[in-house]
Every structure is written in C-alpha cells, then in structure tokens.
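Single-structure report; data block below.
The values are calculated or read from the model by the stated rules, or taken from the named source; none is laboratory data. Just so it is clear, the structure is predicted and the values come from calculations on it, not from any experiment. All Cβ positions, even for glycine, are placed from backbone atoms using ideal geometry, and neighbour counts span all protein chains on display. SASA here: full protein model, heavy atoms, side chains in, ligands and nucleic acids out. Shrake-Rupley method; radii C 1.70, N 1.55, O 1.52, S 1.80 Å.
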Amino acid sequence: MLDRRIPMTTPDVTDLPKLRAAAGQACNLLKVLSNPDRLLLLCQMTQGEFSVGQLEAMTGIRQPTLSQQLTVLREEKLVDTRREGKQIFYSIVSSEAMSVLRVLYRIYCP
C-alpha cells in the first residue's frame, strides 16, 4: 500500500499566522505555475539561461503572449533577466519554483 503521508513535524497550532502566511506563499507560486505557457517556459529554463528568441523557438509561444508571460514570471520574482546588446536572457532565480519543477518533472516527465 502506498504511504501518502508527508513526513513533517506536527505544526504548532499556536503559530497559525505563520502557517497561513506559508500557505499564501505556496498558493501564489502554484497560481503562477498553473498557466501552461508559464510552466512550459519555466521547464525550459530549468536547463539554463535563454534569450527571448530561443524561448520562442523552443516553446512555440508567440509574441505578445511570450512577453506577457515572461513579464508575469519576472514580476513574481521567479526569473531574472540579463541584457546583452539588444537581447534579453531569462533564467530561473526562485529556488522554490525550481524545487516544485523538479517534483513535476519526476511525476510527469519520466
């Protein structure tokens, strides 16, 4: 039988505000990841830094959708940018997002 319990310490119910804050952060991350285009972009970026043109070619996401989704990822501080001449390069900077992406990869991309 599959053990579905998540190993963790028993939460201190007196620290409910801290638990609520953590739940809010988790919900926000999951909300950002729930968009298929954003998830696809982040999955590509797990392999390194890519220019906007490279991301467009790799994912098939066209402008302006690509720019819109990259803006959301940047505003949510999941990715960072680096400019080289006229090109902008994107890379993942959120360790939390990277951890969730690793789990999703193990489940859905065997």
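Numbers for the structure displayed
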{"read-out": "Percent carbon-and-sulfur accessible area, the chain, ignoring ligands, DNA and RNA, probe 1.4 Å", "value": "56 percent"}
{"read-out": "Residue of LEU73, LEU16, LEU41 that the Gaussian network model of the chain assigns the largest fluctuation, springs spanning Cα pairs under 10 Å", "value": "LEU16"}
{"read-out": "Set of lysines with alpha-carbon distance to LYS31 below 17 Å, sequence-local pairs under 8 removed", "value": "LYS77"}
{"read-out": "Crossing angle, helix 65-75 versus the chain [Cα axis fit, 0-90 degrees, rounded to tens]", "value": "50 degrees"}
{"read-out": "Top of GLY53, GLY85, GLY24 by mean-square fluctuation, Gaussian network on the chain, Cα under 10 Å", "value": "GLY85"}
{"read-out": "Dipole moment magnitude, nearest 20 debye, the chain about Cα centre, only Lys, Arg, Asp, Glu C-beta charged", "value": "100 debye"}
{"read-out": "Cβ-derived FRET efficiency at R0 30 Å, GLN47 paired with ALA23, nearest 0.05", "value": "0.50"}
{"read-out": "Acute angle (nearest 10 degrees) that the helix 36-45 long axis makes with the longest principal axis of the chain, alpha-carbon atoms", "value": "80 degrees"}
{"read-out": "Cα-based helix-to-principal-axis angle, 16-33 vs the chain, degrees rounded to 10", "value": "30 degrees"}
{"read-out": "Surface accessible to a 1.4 Å probe, per residue, for the residues of segment 21-110, Å²", "value": "64 Å²"}
{"read-out": "Modelled FRET efficiency - R0 30 Å, TYR108 with ARG82, Cβ distances, 0.05 increments", "value": "0.55"}
